[in-house]
Amino acid sequence: MKTDVAIIGAGPAGLLLGHLLCAAGIATTIVERQSATHVLSRIRAGVLEATTTDLMRQLGLDQRLNAEGLRHEGFHLSSSLHSIRIDIVALTGKHVTVYGQTEVTRDLMDAAPERGLEVIYEAADVALHEIESNAPWIGFTKDGQHERLDARFIVGCDGFHGPSRRAIPESTIQLYDKVYPFGWLGLLADVPPCDQELIYTNHEHGFALASMRSATRSRYYLQVPLDEKVEDWPDDRFWDELSVRLGPEAGARITRGPAIEKSIAPLRSFVSEPMRHGSLFLAGDSAHIVPPTGAKGLNLAASDVAYLSAALRGFFRHGHTDGFESYSERALARIWKAERFSWYLTSLMHRFPSQSRFDRRMQLAELDYIANSRAAQTSIAENYVGLPL
Ligand code: FAS
Ligand code: PHB
């Protein structure tokens, strides 16, 4: 098999990039380890920046997003002392859209056949070869058959655990890593949300987040110790603790119901530099991870793809390579600022096991400052809606 650009991974990064390249007439094939059903079963992000919704609009794949996405003009940061509404529209003129990553992925998947985007699912043993040449190729196994996909470029959109980043020589790659001493226990339930907007709370017991997927489907998170197991959290225990952490007002508005999904995600900040090596590019979680507190993960994958698709268009249309030279630097400039914001909000809103009394007062003082400072709220708002490309 032969193509122009071979993409590893059919998550949001791979599918978005694949569609953008197909739309530009660049032959593209995606090789994905899992089945489409498995990819859609992963419950992840919920908040889309304009960067991401603009790409869906540019592709003409925003019909459902426009019909079902929820326009959000603000969100809340709360603690025992304050409930602060960050009015993102008043402070930045921009809004965000609540529309699950699962739905973005579904829209991109469903449109692939009619748009000529080839996605090979259930491809095992994916391996990268000759990435320092102008003729790299991917080896994989499909239905027990060994396959070879030759390409001009390979793009690793294979997430944190994929093979692409590991194909870059250790002598070249720089890794930056921070693992947080807690995880997020997420629950999805077909019950109406407890509020019209998202609520991030820093309670004595720990962080909680009230989010949603629609007016009838809620998404909640509780900070839990790293050694917790999902089976330690029957639904009733989750609902009781959520009610405590959200406080009496929001807690009283919670509608309980059976979990349709419940899982624990570890939190980490991670960046791998550079995002290009020879004919291999990295995009999305293969190159960076943020704690989900700032709702940046999916949106950073989208901005990587916006930069890289422009660079690939310039090459295939005009033979230009300047986009390739600048890709890593441009993408990393936006990534590092999102890493900072995600680390900041995670540090502000979570209880750390090693936290001293002084550290706790610093968190409460920061929230008190934010509650009374338009400048502080503006800084948070402009990062939350997404910094310019
Ligand atoms: P993805 O990980 O989504 O996709 C990578 C794809 O590559 C997968 O389909 C995988 O099967 C495939 N792959 C891996 N190895 C392969 C191989 N060897 N061969 C072929 N294919 C391979 N972000 C938020 O903004 N908010 C959240 O609440 C949030 N929650 C998250 C919870 C969890 C448990 C995780 C892991 C991430 C969460 N994120 C969240 C971040 C998440 O949304 C990512 O940023 C987003 O999925 C990035 O998309 P991709 O880069 O496409 O990576
Ligand atoms: C979600 O709805 O899954 C979500 C929303 C905002 C975040 C993280 C997760 O910061």
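The values are calculated or read from the model by the stated rules, or taken from the named source; none is laboratory data. Remember, predicted model here, so these are calculated numbers, not experimental data. For neighbour counting, all protein chains shown are included, and Cβ atoms are generated from backbone atoms with ideal geometry for every residue, glycine included. Surface accessibility is based on the protein's heavy atoms, side chains included, excluding ligands, DNA and RNA. Shrake-Rupley method; radii C 1.70, N 1.55, O 1.52, S 1.80 Å.
Data overview
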| quantity | calculated |
| --- | --- |
| Residue match in segment 239-262 (condition: under 23 Å from the mean Cα position of the chain (by Cα) and assigned to a helix (DSSP H, G or I)) | no |
| Helices (runs of 4 or more DSSP H) (entirely within segment 1-102) containing at least 1 residues that are acidic (Asp, Glu) and more than 16 Å from ligand 1 (Cβ to nearest atom) | 50-58, 63-68 |
| Test for Arg71: is it within 19 Å of the chain's Cα centre (by Cα), modelled with pLDDT of 95 or more, open to solvent by 50 Å² or more (accessible area, probe 1.4 Å) and within 16 Å of ligand 2 (Cβ to nearest atom) | yes |
| Within segment 295-389, helices (runs of 4 or more DSSP H) holding 2 or more residues that are open to solvent by less than 10 Å² (accessible area, probe 1.4 Å), touching a residue at least 12 places away in the same chain (Cβ under 8 Å) and more than 26 Å from Gly183 (Cβ to Cβ) | 297-318, 322-349 |
| Condition broken by Gly60, with the remaining ones in (1) away from ligand 2 (no atom under 16 Å from the Cβ); (2) at negative phi satisfied | (2) |
| Scan of segment 132-158 for residues that are assigned to a loop (DSSP other than H, G, I, E, B) and open to solvent by 20 Å² or more (accessible area, probe 1.4 Å), ordered by number | Glu132, Ser133, Asn134, Ala135, Asp143, Gly144, Arg152, Asp158 |
| Criterion violated by Gly386 - all others in (1) modelled with pLDDT under 95; (2) on the phi > 0 side of the Ramachandran plot satisfied | (1) |
| Some residue of segment 162-179 being of a type outside the set (Gly, Ala, Ser), in a strand (DSSP E or B), touching a residue at least 40 places away in the same chain (Cβ under 8 Å) and crowded, with 22+ Cβ neighbours inside 10 Å | no |
| Qualifying residue in segment 129-145 (condition: under 26 Å from Leu312 (Cβ atoms), within 16 Å of ligand 2 (Cβ to nearest atom) and under 26 Å from the mean Cα position of the chain (by Cα)) | no |
| Complete set of residues in segment 201-224 that are in a strand (DSSP E or B), among the aliphatic types (A, V, I, L, M) and farther than 17 Å from Ser78 by Cβ | Val224 |
| Flag if Leu280 is in the same structural domain as His161 (by TED's automatic domain parsing), open to solvent by less than 20 Å² (accessible area, probe 1.4 Å), in contact with a Pro (Cβ under 8 Å, 6 or more places away or on another chain) and within 16 Å of ligand 2 (Cβ to nearest atom) | no |
| Count - residues of segment 250-275 that are more than 16 Å from ligand 2 (Cβ to nearest atom) and crowded, with 21+ Cβ neighbours inside 10 Å | 2 |
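Residue-wise test of (1) open to solvent by 60 Å² or more (accessible area, probe 1.4 Å); (2) of a type outside the set (S, T, N, Q); (3) more than 27 Å from the chain's Cα centre (by Cα).
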site	(1), (2), (3)
His82	no, yes, yes
Asp87	no, yes, no
Thr92	no, no, no
Arg106	yes, yes, no
Glu114	yes, yes, no
Ile120	no, yes, no
Val126	no, yes, no
